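This report refers to the structure that appears directly beneath it.
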Amino acid sequence: AQSVTQLDSHVSVSEGTPVLLRCNYSSSYSPSLFWYVQHPNKGLQLLLKYTSAATLVKGINGFEAEFKKSETSFHLTKPSAHMSDAAEYFCVVSLEYGNKLVFGAGTILRVKS
Amino acid sequence: DAGVIQSPRHEVTEMGQEVTLRCKPISGHDYLFWYRQTMMRGLELLIYFNNNVPIDDSGMPEDRFSAKMPNASFSTLKIQPSEPRDSAVYFCASRRQSGLEETQYFGPGTRLLVL
């Protein structure tokens with residue numbers, strides 16, 4: 001069965017320092033993977049997606065993620081955190097050609113000033 | 001593009017009342033999805049439609065829940081009668097059927113509180 005594991009439920013960083021949000025997936029084939037962000041009391045916004053093209057994917061707001069098949073990982077990074085990055089982040093694997101999304105449990109990112 | 005539109009944004013009702021949530025997908029999208037988000041269970045797919053036809057409703061919790069899509073630009077999710085355990089955020093999402101495009105675009109959600 002396909003699944004997604006977000007390794008940290010909470011991550012706290014200082015403003016201006018790097019961000020690393022970890023995600024591992026299990027899949028019997030090369031999946032499509034996404035990161036979504038949810039700000040407090042808001043909907044889910046697509047940050048970036050991997051769909052078997054380049055393994056390093058760049059998204060909005062300076063985020064990027066690298067697909068590593070050997071490690072079954074799709075970690076999200078950003079070189080320098082901003083206060084506005086404080087939100088919950090979801091790693092998602094897509095099944096059935098986009099009709100079923102399996103969500104990770106989410107990682108809450110806190111950015112300290 | 002206006003994105004996926006949901007109404008109301010907030011709903012407070014009493015147990016036993018009927019609740020209707022509304023969604024307008026992005027124009028030109030062929031698929032529409034309803035999700036529920038709770039602290040305990042995270043994000044769950046309830047039902048999805050393709051070209052206005054329900055394809056998979058296996059996530060609908062029970063008969064109190066029903067969803068319709070009378071046309072390509074409108075869908076409803078109805079709970080009758082509502083119960084306190086239905087309190088959650090309900091999201092609608094849509095996507096276009098186009099080659100390898102699998103991205104779903106989410107609306108802002110409806111926060112439902114059943115007292």
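The values are calculated or read from the model by the stated rules, or taken from the named source; none is laboratory data. What you see is a predicted model, and the numbers here were worked out from it, not measured in a lab. Methodologically, a virtual Cβ is constructed for each residue, glycine included, from the backbone with ideal geometry; neighbour enumeration extends over all protein chains shown. Remember, those area values only see protein heavy atoms, side chains included, never the ligands or the DNA or RNA. Shrake-Rupley method; radii C 1.70, N 1.55, O 1.52, S 1.80 Å.
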Lone unmet requirement of (1) without any contact (Cβ under 8 Å) to a residue 24 or more places away in the chain; (2) surrounded by fewer than 18 Cβ atoms within 10 Å (Cβ to Cβ); (3) over 14 Å from B:E102 (Cβ atoms); (4) not aliphatic (A, V, I, L, M) for A:S52
(3)
Condition (residue is within 12 Å of another protein chain (Cβ to nearest Cβ), modelled with pLDDT under 95 and over 9 Å from the mean Cα position of the chain (by Cα)) applied to segment A:73-92: is it met by at least one residue?
no
Is it the case that segment A:30-45 has a residue that's open to solvent by 40 Å² or more (accessible area, probe 1.4 Å), touching a Phe, Trp or Tyr at 6+ places or on another chain (Cβ under 7 Å) and either within 12 Å of another protein chain (Cβ to nearest Cβ) or at negative phi (or both)?
yes
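Sort through B:L21, B:L43 and tell me the only one that's open to solvent by less than 30 Å² (accessible area, probe 1.4 Å), away from chain A (no Cβ under 12 Å) and not in a loop (DSSP other than H, G, I, E, B). I'd like the intermediate steps shown before the answer.
On the way: B:L43 fails: away from chain A (no Cβ under 12 Å).
From the options B:L21, B:L43, the qualifying one is B:L21.
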If I go through segment B:46-83 residue by residue, how many of them are open to solvent by less than 60 Å² (accessible area, probe 1.4 Å), in contact with a Leu (Cβ under 9 Å, 6 or more places away or on another chain), closer than 23 Å to B:M15 by Cβ and not aliphatic (A, V, I, L, M)?
6
What's the number of the condition A:E15 fails, among (1) at positive phi; (2) acidic (D, E); (3) in contact with a His (Cβ under 7 Å, 6 or more places away or on another chain)?
(1)
Which residues, taken from segment B:39-61, are in contact (Cβ under 8 Å) with a residue 40 or more places away in the chain and within 14 Å of B:P25 (Cβ to Cβ)?
B:N50
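For segment B:50-67, indicate whether the set of residues that are within 14 Å of chain A (Cβ to nearest Cβ) and in contact with a Gly (Cβ under 8 Å, 6 or more places away or on another chain) is non-empty.
Step one: filter segment B:50-67 for residues within 14 Å of chain A (Cβ to nearest Cβ), giving B:50-51, B:53-59.
Checking the rest, the ones that are also in contact with a Gly (Cβ under 8 Å, 6 or more places away or on another chain) come to none.
Within segment B:50-67 (the criterion being within 14 Å of chain A (Cβ to nearest Cβ) and in contact with a Gly (Cβ under 8 Å, 6 or more places away or on another chain)), the answer is no, since none of the residues qualifies.
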